[in-house]
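The values are calculated or read from the model by the stated rules, or taken from the named source; none is laboratory data. Predicted, not measured: the structure shown is a model, and the values here were computed from it. Virtual Cβ from ideal backbone geometry, glycine too; neighbours counted across all protein chains shown. Only protein heavy atoms, including side chains, enter the accessible area calculation; ligands, DNA and RNA are left aside. Shrake-Rupley method; radii C 1.70, N 1.55, O 1.52, S 1.80 Å.
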Amino acid sequence: MKLSMVLSTQPASFSAVAFKGRLAENIAKISDLGYDGVELAVRDPQLLDREELQRLLSQHNLQVPAIGTGQAYGEEGLYFTHPNENIRRRAVERIQSQMYLAAELNAVVIIGLVRGKKSPGISDEQVEEWLIQALTECARVNPDVKLSIELINRYETDILNTVTEGMNFVQKIQVANIGLHLDTFHMNIEEPSMVDSIVLAKEKLFHFHVADSNRWYPGAGHIDFEQIIKTLEKIGYNGYVSAEIMPLPDPDTAAVETIKYLRKFI
Ligand code: LER
Ligand code: MN
């Protein structure tokens with residue numbers, strides 16, 4: 001297992017990201033602190049200078065385990081289950097564009113808030129149909145790029161909150177490159193047992209976010225990370241554990257404390 005830190009490639013309103021913008025400076029910092037990778041939160045791949053990004057990554061010897069895509073929803077209102085067909089189409093195209101970037105970086109594409117939420121007057125069956133249609137259209141673009149559906153707490157979305165719901169969903173659609181993504185912050189709200197949930201996800205677990213119960217750096221709240229890391233080892237998870245945390249008390253302290261704490265177990 002390896003450790004990464006989330007970096008937003010540009011300023012964004014989502015709060016649980018320690019580092020935003022200033023790519024050269026932040027990539028150097030994340031590498032110097034001893035992280036193996038940098039997870040990138042990207043609103044639109046078209047806005048990125050990919051050559052410069054690749055240069056910085058190889059200069060600082062960092063991998064990109066995953067690309068976060070939630071800003072398309074948060075900043076632009078694009079999502080898979082929007083009642084407007086044009087918006088659903090633009091959301092699919094945006095994720096397909098993220099998949100081309102992910103193929104270059106060997107990264108997983110995170111399906112978080114871009115799945116959307118239920119709208120008044122739209123049946124649950126319709127929502128599920130739009131979601132499956134969008135996901136399968138994306139998955140087909142490149143079967144080698146994994147799409148990881150993040151289980152997100154009820155206060156942020158009303159579609160797929162728990163690992164049980166996530167497993168039922170991925171088993172129903174049976175697409176090899178569509179799996180799950182867990183985040184300890186959300187699990188702390190939704191899951192009866194984090195250990196049981198990780199075991200349930202097993203080989204469908206494509207990516208893993210950590211934050212403590214208060215969304216501060218691991219060690220600042222009451223989540224038992226030693227047990228979580230042991231369980232990830234037990235199921236044979238060999239991907240990244242990626243810190244998606246608030247920049248508190250300040251970004252540098254949050255990043256230093258995260259790695260100091262997690263290196264006890266990883
Ligand atoms: C994104 O990874 C996440 O965890 C969500 O809280 C986005 O709002
Ligand atoms: Mn997350």
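Out of Lys117, Lys2, one residue alone is touching a strand residue (DSSP E or B) at 6+ places or on another chain (Cβ under 7 Å) and charged (D, E, K, R). It is Lys2. Go through the stretch 109-120 and give me each residue that's touching a residue at least 12 places away in the same chain (Cβ under 8 Å) and either loosely packed, with under 14 Cβ neighbours inside 10 Å or in contact with a Gly (Cβ under 8 Å, 6 or more places away or on another chain) (or both). Residues satisfying the conditions are Ile110, Gly112, Leu113, Val114, Ser119. Within the stretch 89-107, the set of residues being open to solvent by less than 20 Å² (accessible area, probe 1.4 Å) and either among the aliphatic types (A, V, I, L, M) or at positive phi (or both) comprises Ala91, Val92, Ile95, Met99, Leu101, Ala102, Ala107. Considering only residues that are of a type in the set (A, V, I, L, M, F, W, C), in a helix (DSSP H, G or I) and open to solvent by 50 Å² or more (accessible area, probe 1.4 Å), which ones fall in the stretch 231-264? Across the stretch 231-264, the qualifying residue is only Val256. Number of residues in the stretch 63-97 that are touching a strand residue (DSSP E or B) at 6+ places or on another chain (Cβ under 8 Å), assigned to a helix (DSSP H, G or I) and within 16 Å of ligand 2 (Cβ to nearest atom) equals 1. Only residues that are open to solvent by 10 Å² or more (accessible area, probe 1.4 Å) and under 13 Å from Leu53 (Cβ atoms) were counted in the stretch 5-20, giving 2. Looking only at the stretch 25-54, residues that are free of Cβ contacts under 8 Å to residues at least 40 places away in the same chain, part of a helix (DSSP H, G or I) and loosely packed, with under 13 Cβ neighbours inside 10 Å come to 5 in all. Report whether or not Phe208 is of a type outside the set (A, V, I, L, M) and closer than 22 Å to Asp36 by Cβ. When the stated conditions are applied, Phe208 passes them.
Quick check: anything in the stretch 210-217 polar (S, T, N, Q) and either at pLDDT below 95 or surrounded by fewer than 18 Cβ atoms within 10 Å (Cβ to Cβ) (or both)? Yes, there is a match, as at least one residue in the stretch 210-217 is polar (S, T, N, Q) and either at pLDDT below 95 or surrounded by fewer than 18 Cβ atoms within 10 Å (Cβ to Cβ) (or both).
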